[in-house]
Every structure is written in C-alpha cells, then in structure tokens.
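Undergrad: Structure provided below as structure tokens; questions to follow.
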Amino acid sequence: MDFILRGECIICFGGEDWWYHHPHSKNHILRRLARENKVLFVNSLSFGLPSVSHPDFFLKIRRKLKSYMRWLKRAPEGLHVMTPVALPFFGNRFVRALNRILLSMQIHLAMLWIGIRRPIVWVAMPSAADVALSLNAKLLVYQVADKFEAMEDNVLSRRVVQRWEEQLKSAAGVVMYSGRKLYAESNIPHRYFLEQAVDFEHFANPPDVPADDIAAIPHPILAYFGWIDYVMDVPLIEEVAHRRPEWHWVLIGHKSNLVNLDAPNVHFLGSKPYQDLPRYVQRADVFVLPWRVDSEFVRYGSAIKVREYMATGKPAVIAPLYEYQNTPGLRFFRTAEEFIAAVEDALHHDTPEMARLRQAQVRDCTWDVRTQQLGTMLSQVIAGGGIPTLGVQPGMRPSKQIASSTVNL
C-alpha cells in the first residue's frame, strides 16, 4: 500500500517503550512509514519515578535500566529506537532544566548519527515538550492519546502536565486526537481526529492449535490481554470470580504489583509475544475489559484491544467507554451484577450474525488505512494545504443496534 509520505525525517516521542509493549498505534504506523522515510522513535520520557514505597518502584527501575542499556539501536522494523538517559525526577524545576540540556544533546547526536534534518516531530507524551520544541521541526504534531493529567501513576502535579500540554498545543501545526471523547471536547481549530485501528487479519484468523498454557484451562474462559495495572477493577474481578467459580479468568500481560488477586479460577499467564496472541484468542469464550468505571483516565480511553477483540468476532463485555458507546455488538457494564448478566447473555445468546457484525465494524479499520490517512494529512499540511476537514473517520459507525444493555457515560 502507498502510504503517501516519502523522503521525510520523522522523530516520534512515544508514550510507551518500543521494546516492552505490545505494538501500540505509533509502532504500527511508524514501522510502515519507515519503509520510505527516516524514523527515530524515542522511548517514553515518563513523568518520573513513583515513590520508593510504590509497589512497582523496583519493577519500573529494572525495566528502564534495561532500556537504557540499548540507548540507540536499529530495530528490525527498519527504524531507530532511542532510550535517552534522563534524571527521573521531573517534579523538580532544576532537574527539568538539566534534563532539557541532557535530552537535547542526546537527540541531536542521534539525529547526526542517523542523518536526520528538519524532521517532522511527533510528540505523544507531554514530558517531551521541552526537547521537542528545540528541534527546529518542519512540522510539529502533538498527539493527545490520553487524558494525561488524569494518569493515576503520575507523580507530577496536574499544573506541570497542563503547562506542557498548553505549550505543545500552541506550537503544534496539528493537534491529533486518537480518542473520541478527547476530540469531542476540544475546540482547537488545528485539530485532527485519527481513529485507532486494528491488525485485523492477525486476530480474525487464529490457528486451530491453542498455546499450551491455556489449552488445559476449562471453559468458559473470560479473556483479557494488555497491561494489568491500576485501571483494573480488582474488586469486581474478585466478586465475579467468587460468585461464578465455573468461569475462568485468563489475564495476559504485564502485571503490576498493585493488582493482588488470588482465586483458583483467575489465571495470570504473563506477557506473551504479539505474534502468539492468536493462539490464546482461539480458546476465549468472552473477551472482557474489566476497567474501573470510576476512573477519569479510563473514561477517556480508546483501548485498541477492544478493536482486536472485535476482529475475532467473539463477544466482548467492556467498561462503558465513550469511545465505544455507540458500537454495535458490544456489551457494557457498570456494576458486578451488570457484568455477570452481560457475560451470561454473551455465553448463551450470542449469534453468528452478531459475530459477523462485530468483525464488519473493524474489517476496514486497518493500520494500513490509518497510515495512509496520516501520511496524506502530513503531506498536505507540509505542502501548505491545511489540515483536511475530517471528523470521525470511516469505520466504527454509530448505530442503535447495540447488543444487550448499553450504559452511556
């Protein structure tokens, strides 16, 4: 597929670590753009370390140190990935000033090494504001992927995060939103909505033979994959696991020490390579998104995994995210009672027609399509044509044909 953008240099300051996350939106898009452009992905400049008393303090330290050891490395996908060394104390004004110098030196050295000049600078994390604004960008794109100031593991004050965001929104040629709620609440004239996407074929056609560690778990299986951290509704999982002991929860992904669950029907299988996920999809009866409905951060989430769930065709029971509230075929919950009712409805009353409906909603929402849309938009803006007038992209269209009970935010 022709992704339109060619011969450009791109520096992306990601909100994730390239090496330790399942492919995120930037990963999917940038490895495609890297075929015709020079790309440098800068691993997340976090909001700083939590306190030593935080259950994940040493886990975060170990992961970041491993990433630091790679520093600048060419990834198999054809782009360069960098983990710049910085002092993890962004709450201190003096340290932020020191980090600005330290980061700028490392980024400019990497640009020299790779041969990057006049880059398109794509910022997906507010903490990169200082260094990103110093790069003499051909075009600055600020991606608002989450309600950053509402992140509960953020050690910085809202005021600091909001100031970074204000600087980026003011300086950016394009402010790009990847969540419907964030986009709907914005009144910035130079905004652009790029809907999330899915690797459809990867999830729609699982192999016949499941992975060994899920093969022996009895049905019915409630499956979840992704980060298992503060967004999880642990009390809900505990209650449902107790009330429905015949249901088996299979949780796949990195588990935070904040999540403490001990029940015979709750199975933590750890993180799995992205290419192996279809072997786990094969055994799932119902996919779940047991996220906390009382979390401001969750309410703004766009959760790519829901599109991946839908690509399988299997039923999904999810927290009532604004992103999906008008999406056919999904079931929603606010309480444990509603969760149980929705899962029972999915187990006993889902139909092949509903499975086809879910897949139809995301079949054409692929990362190839999104990359082409983004490449077209960037090319047009660079050429002085302005931002295309686009609201909600084609794909997951609103509908009144919503399965089971739907609870809107």
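The values are calculated or read from the model by the stated rules, or taken from the named source; none is laboratory data. It should be emphasised that the depicted structure is a prediction, and the values quoted were computed from it without experimental measurement. A quick note on method: Cβ atoms are made from the backbone with ideal geometry, for glycine too, and the neighbour counts reach across all protein chains shown. All accessible areas refer to the heavy atoms of the entire protein, side chains included, with ligands and DNA or RNA removed. Shrake-Rupley method; radii C 1.70, N 1.55, O 1.52, S 1.80 Å.
Undergrad: Report, by residue number, each residue of region 102-136 that is part of a loop (DSSP other than H, G, I, E, B) and more than 21 Å from Arg31 (Cα to Cα).
TA: The answer is Leu133, Ser134, Leu135, Asn136.
Undergrad: Pairs please, first residue from region 332-350 and within 12 Å of Val286 (Cβ to Cβ), second anywhere and of a type in the set (Ser, Thr, Tyr), Cβ atoms under 6 Å, 6+ apart in sequence or on different chains.
TA: Listed pairs, sorted by first residue: Ala342/Ser404; Asp345/Ser404.
Here's the yes/no breakdown for (1) modelled with pLDDT under 95; (2) crowded, with 21+ Cβ neighbours inside 10 Å; (3) among the basic types (Lys, Arg); (4) part of a helix (DSSP H, G or I):
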{"position": "Ile188", "(1), (2), (3), (4)": "yes, no, no, no"}
{"position": "Phe203", "(1), (2), (3), (4)": "no, yes, no, yes"}
{"position": "Pro207", "(1), (2), (3), (4)": "yes, no, no, no"}
{"position": "Ile214", "(1), (2), (3), (4)": "no, yes, no, yes"}
{"position": "Ala223", "(1), (2), (3), (4)": "no, yes, no, no"}
{"position": "Ile237", "(1), (2), (3), (4)": "no, yes, no, yes"}
{"position": "Val250", "(1), (2), (3), (4)": "no, yes, no, no"}
{"position": "Pro264", "(1), (2), (3), (4)": "no, no, no, no"}
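Undergrad: For residues that are part of a loop (DSSP other than H, G, I, E, B) and either touching a His at 6+ places or on another chain (Cβ under 9 Å) or closer than 24 Å to Glu149 by Cα (or both), tally how many sit in region 296-314.
TA: So the answer is 4.
Undergrad: Here is a check on your reading of the model: is Gly329 within 30 Å of Ser295 (Cα to Cα), at pLDDT 95 or above, open to solvent by less than 30 Å² (accessible area, probe 1.4 Å) and assigned to a loop (DSSP other than H, G, I, E, B)?
TA: Details: within 30 Å of Ser295 (Cα to Cα): yes; at pLDDT 95 or above: yes; open to solvent by less than 30 Å² (accessible area, probe 1.4 Å): yes; assigned to a loop (DSSP other than H, G, I, E, B): yes.
Yes, satisfied.
Undergrad: Does region 1-40 hold any residues that are open to solvent by less than 20 Å² (accessible area, probe 1.4 Å) and part of a loop (DSSP other than H, G, I, E, B), and which are they?
TA: Phe3, Leu5, Gly14, Asp17, Trp18, His24, Ala34, Asn37
Let's see how each residue does on (1) over 20 Å from Ala197 (Cα atoms); (2) surrounded by 18 or more Cβ atoms within 10 Å (Cβ to Cβ):
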position: Tyr274; (1), (2): no, no
position: Tyr280; (1), (2): yes, yes
position: Ala284; (1), (2): yes, yes
position: Leu289; (1), (2): no, yes
position: Phe297; (1), (2): yes, yes
position: Glu323; (1), (2): no, yes
position: Phe333; (1), (2): yes, yes
position: Ile340; (1), (2): yes, yes
position: Thr351; (1), (2): yes, no
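Undergrad: I've got another one for you. Tally up the residues in region 53-101 that are at pLDDT below 85, part of a loop (DSSP other than H, G, I, E, B) and under 28 Å from Leu33 (Cα atoms), please.
TA: Here the count works out to 3.
Undergrad: I'd like to know if region 283-295 contains one or more residues that are on the phi < 0 side of the Ramachandran plot and in a helix (DSSP H, G or I).
TA: Of all residues in region 283-295, those on the phi < 0 side of the Ramachandran plot come to 283-295.
Imposing the further condition that a residue be in a helix (DSSP H, G or I) reduces the set to none.
No: zero hits.
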